[in-house]
Amino acid sequence: MAVHLETEDLTEPCFHGAPPIGPEPGSPSTVWITFEGIEGSGKSTQIARLADRLRRADIPTVVTREPGGTETGRKLRAILLRPSTKIHPMTELLLYAADRAEHLYQVVLPARERGEVVLCDRFLDATLAYQGYGRRLGTDRILELHRRSPLDRRPDRTLLFDLDPEIGLRRARDRNSEQGTDATEGRFEQELMDFHNRVRHGYLDLARGEPGRFRIVDAAPDADHVERAVLDELADLLPRLADTR
Ligand code: TMP
């Protein structure tokens with residue numbers, strides 16, 4: 001016998017206790033910035049420096065990341081980045097999307113509701129670059145998936161830290177062996193150089209396609225030089241940063 005199940009409206013959160021949806025991107029009360037780039041591009045260092053400046057200027061700031069910005073996300077991150085994980089690229093895409101949905105509900109949207117600055121280490125553009133270009137899934141089905149709430153939200157600004165993958169991977173491997181993280185998070189670092197070049201060019205394509213949102217930062221110079229470029233690229237969005245220079 002056929003069983004008829006009533007379908008929920010999947011455009012809205014359908015579990016109890018979901019935080020309210022925050023203001024639309026670009027709302028004057030909050031600024032959401034994402035940081036993107038290949039492995040070893042130095043974005044985590046720059047996020048930490050920027051967060052420090054914002055907090056010293058008494059600007060409430062949330063620092064978060066994908067994958068792994070929530071408790072569930074940390075479990076997904078362990079699966080996604082463990083070198084022994086063998087999954088189909090489509091499964092990988094859906095796990096990144098699951099991490100993102102939970103991250104939006106639990107972290108990003110509530111922070112925007114509170115009017116805080118959100119600094120997010122990777123977001124949708126990482127999926128487009130790594131799964132779309134790197135894994136060759138293409139961008140159409142990824143964008144299609146991200147038309148549904150809450151995945152349809154977009155940051156106000158995206159800083160792309162652009163770097164030659166030869167340099168980035170060398171930096172990432174040095175850092176991992178210093179921190180001992182290579183055993184658990186090296187899945188993408190094991191990919192061939194060709195993969196990383198596709199990811200880099202994917203990011204540059206995305207940036208060219210949306211010049212209003214993206215800013216490209218040359219990640220090759222030293223961290224102090226890159227930090228000055230970051231501050232320049234955010235001066236219009238966060239005028240109070242000028243006081244911290
Ligand atoms: P991280 O160490 O900079 O946090 O990066 C985590 C890895 O996850 C990095 O290799 C890129 C990858 N990634 C994807 O492949 N797709 C995604 O959607 C995200 C957010 C990350």
Considering the range 29-44, residues that are in contact with a Cys (Cβ under 9 Å, 6 or more places away or on another chain) and not hydroxyl-bearing (Ser, Thr, Tyr), and then whichever is farthest from Glu227 (Cα to Cα), we arrive at Trp32
Applying the selection to the range 99-157, what residues are of a type in the set (Ser, Thr, Tyr) and over 28 Å from Gln190 (Cα atoms)?
-> Tyr105, Ser149
Test result for His196, loosely packed, with under 15 Cβ neighbours inside 10 Å and either more than 16 Å from the chain's Cα centre (by Cα) or not in a helix (DSSP H, G or I) (or both) | no
Pairs, first over 17 Å from Arg157 (Cβ atoms) in the range 214-231, second assigned to a helix (DSSP H, G or I) and among the polar types (S, T, N, Q), C-beta under 8 Å, six or more apart = Ala223/Thr45; Ala223/Gln46
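Taking Arg187 as the residue in question, decide whether it is more than 18 Å from the chain's Cα centre (by Cα), outside any helix (DSSP H, G or I) and in contact (Cβ under 8 Å) with a residue 24 or more places away in the chain. Step through it out loud before you land on a result.
Numbers: more than 18 Å from the chain's Cα centre (by Cα): no; outside any helix (DSSP H, G or I): yes; in contact (Cβ under 8 Å) with a residue 24 or more places away in the chain: yes.
Criteria not met by Arg187.
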In the range 108-130, how many residues are within 8 Å of the ligand (Cβ to nearest atom), at positive phi and of a type in the set (Gly, Ala, Ser)?
-> 0
Would you mind finding the one in Phe195, Phe214, Phe188 that is in contact with a helix residue (DSSP H, G or I) (Cβ under 6 Å, 6 or more places away or on another chain), within 28 Å of Ala97 (Cα to Cα) and either of a type in the set (Asp, Glu) or within 15 Å of the ligand (Cβ to nearest atom) (or both)?
-> Phe195
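With respect to Ala57, determine if the residue is within 16 Å of the ligand (Cβ to nearest atom) and not β-branched (Val, Ile, Thr).
On the way: within 16 Å of the ligand (Cβ to nearest atom): no; not β-branched (Val, Ile, Thr): yes.
Against the criterion (within 16 Å of the ligand (Cβ to nearest atom) and not β-branched (Val, Ile, Thr)), Ala57 does not qualify.
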Can you tell me which of Tyr96, Tyr133, Tyr105 is touching a Lys or Arg at 6+ places or on another chain (Cβ under 6 Å), in contact (Cβ under 8 Å) with a residue 24 or more places away in the chain and either within 14 Å of the ligand (Cβ to nearest atom) or assigned to a helix (DSSP H, G or I) (or both)?
-> Tyr133
Can Ser149 be described as small (Gly, Ala, Ser), farther than 12 Å from Thr34 by Cβ, at pLDDT 95 or above and not in a strand (DSSP E or B)?
-> yes
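The values are calculated or read from the model by the stated rules, or taken from the named source; none is laboratory data. Everything numeric here is computed off the predicted structure, so don't read it as measured data. Neighbour counts run over all protein chains shown; Cβ positions are idealised from the backbone, glycine included.
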